[in-house]
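The values are calculated or read from the model by the stated rules, or taken from the named source; none is laboratory data. Quick caveat: nothing in here was measured; it's all calculated off a predicted structure. Note that each Cβ is placed from the backbone with ideal geometry, even for glycine, and that neighbours are counted across all protein chains shown.
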Amino acid sequence: MENRLADIISASLQQGKLPHALLIETLDLAKTQSELPDLVAMLLCETPDYSASKGCGHCKQCQLLMAGNHPDFLSIEPTTNSIGIDEIRAVSNKFTTTAQLAQAQVVVIQNAQLMTENAANALLKTLEEPNAKCYLVLVSVGYVKLMPTIISRCQQIRQPVLSKDALKQKYPNLPDYLVGFADQNESLLVKMAEPDELNEYVRVYQSFITWLKGQESSATLLSNIASKDELIEFWVYLVSRRIRQVLMKGYLQPAEQAQALIHEFNFTRRQVKGHNKALALTSLVHQLEGLIR
Ligand SMILES: [Zn+2]
């Protein structure tokens, strides 16, 4: 059976070895989020069910958690693409007051990799003065994305995920390129496998292959990918795979040029929006024509 995050925490808790700062690194945020309620309940519950790796579900702590208003639990979930110093102050404030109802306090920071440098430094202060009655759980998307000084003060736990080969076996009907693109993010893979979504990805793939053969114009390719960020992301993945092929065939210079263009595109598309983004994409597709086809 597949390992759950909560099982790892449960084992450490029973052995009395759970440190007060945890860093959960995940490639599949949705999967981690689905396991967080059990994990938090185990930390606050009066009679945790360690064998099932969850709270009892009946005590006052569990009831309040399930109702979403436990005074000793705080979850920071960024709504923009950064976590600033104000959010971290809320964490520090929580940890300087004592627990109101439970034996401990729990703060979860989701998408902790989005902390600004100032925010991370502020958090460091909290980590340097650990409070025995507090658990800080950082959830970071991707591996080793936080400052080394923060990582070194936490116990690192990686969300168990299936390997690409195991995912191929589990979803034999999905094309390899989709499993490759999902990059061990099973929740994303399942979402992309829904019929309407799958059709779009297959269409982009086929369009790209036809374009590579010179049987489709760049304008047609563009019309197939430009509608959604997810599809552009997928197409960039296909281009990167193609660049590796070109490189292996010994065409060093075009491969490097194409790589540089993709690198620049990835950088700018995170900064600019709307019309300029469409222009950048159009320009990229045309420039790639002579490099990877
Ligand atoms: Zn309970």
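Observations on the structure shown:
- Taking first residues from segment 4-25 that are more than 22 Å from residue 47 (Cβ to Cβ) and partners that are of a type in the set (Lys, Arg), the Cβ contacts under 6 Å between residues at least 6 apart in sequence or on separate chains come to 21/153; 25/158.
- Taking segment 128-142 as the range and being touching a residue at least 60 places away in the same chain (Cβ under 8 Å) and farther than 19 Å from residue 77 by Cα as the test, the residues that pass are 130, 131, 132.
- Selection of segment 30-63 for residues being acidic (Asp, Glu) and within 23 Å of the chain's Cα centre (by Cα) yields 35, 38.
For (1) of a type in the set (Phe, Trp, Tyr); (2) within 19 Å of residue 202 (Cα to Cα); (3) in contact with a Lys or Arg (Cβ under 7 Å, 6 or more places away or on another chain), each residue gets a yes or a no:
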residue	(1), (2), (3)
136	no, no, no
143	yes, no, no
150	no, no, no
153	no, no, no
166	no, no, no
171	yes, yes, no
177	yes, yes, no
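- Residue tally, condition of a type in the set (Val, Ile, Thr) and exposed (fewer than 13 other Cβ atoms within 10 Å of the Cβ), over segment 195-219: 0
- Residue 260 vs. criteria small (Gly, Ala, Ser), under 20 Å from residue 177 (Cα atoms) and surrounded by fewer than 18 Cβ atoms within 10 Å (Cβ to Cβ): no
- From the options 64, 44, residue that is modelled with pLDDT of 95 or more, under 18 Å from residue 105 (Cβ atoms), buried (at least 22 other Cβ atoms within 10 Å of the Cβ) and within 14 Å of the ligand (Cβ to nearest atom): 44
- Yes/no for residue 91 being among the hydrophobic types (A, V, I, L, M, F, W, C), within 16 Å of the ligand (Cβ to nearest atom) and either touching a strand residue (DSSP E or B) at 6+ places or on another chain (Cβ under 8 Å) or not assigned by TED's automatic domain parsing to the domain that holds residue 115 (or both): no
- Selected residue [surrounded by 15 or more Cβ atoms within 10 Å (Cβ to Cβ) and assigned by TED's automatic domain parsing to the domain that holds residue 123] from 146, 189, 167, 178: 146
- Of all residues in segment 67-88 being closer than 24 Å to residue 6 by Cα and free of Cβ contacts under 8 Å to residues at least 12 places away in the same chain, the one that is nearest to the ligand (Cβ to nearest atom): 67
- Flag if residue 100 is under 22 Å from residue 18 (Cβ atoms) and either surrounded by fewer than 13 Cβ atoms within 10 Å (Cβ to Cβ) or among the charged types (D, E, K, R) (or both): yes
- Picking from residues in segment 173-202 that are among the aliphatic types (A, V, I, L, M) and part of a loop (DSSP other than H, G, I, E, B), the one that is nearest to residue 28 (Cα to Cα) is 193.
- Candidates 218, 207, 227, 223, filtered to the one that is out of contact with any Lys or Arg (no Cβ under 6 Å at 6 or more places or on another chain), hydroxyl-bearing (Ser, Thr, Tyr), in contact (Cβ under 8 Å) with a residue 60 or more places away in the chain and closer than 22 Å to residue 287 by Cβ: 218
- Members of segment 154-189 found to be touching a residue at least 40 places away in the same chain (Cβ under 8 Å), within 22 Å of residue 231 (Cβ to Cβ) and of a type outside the set (Asp, Glu), listed by number: 177, 180, 181, 184, 185, 187, 188
- Some residue of segment 27-50 being part of a strand (DSSP E or B) and in contact with a strand residue (DSSP E or B) (Cβ under 9 Å, 6 or more places away or on another chain): no
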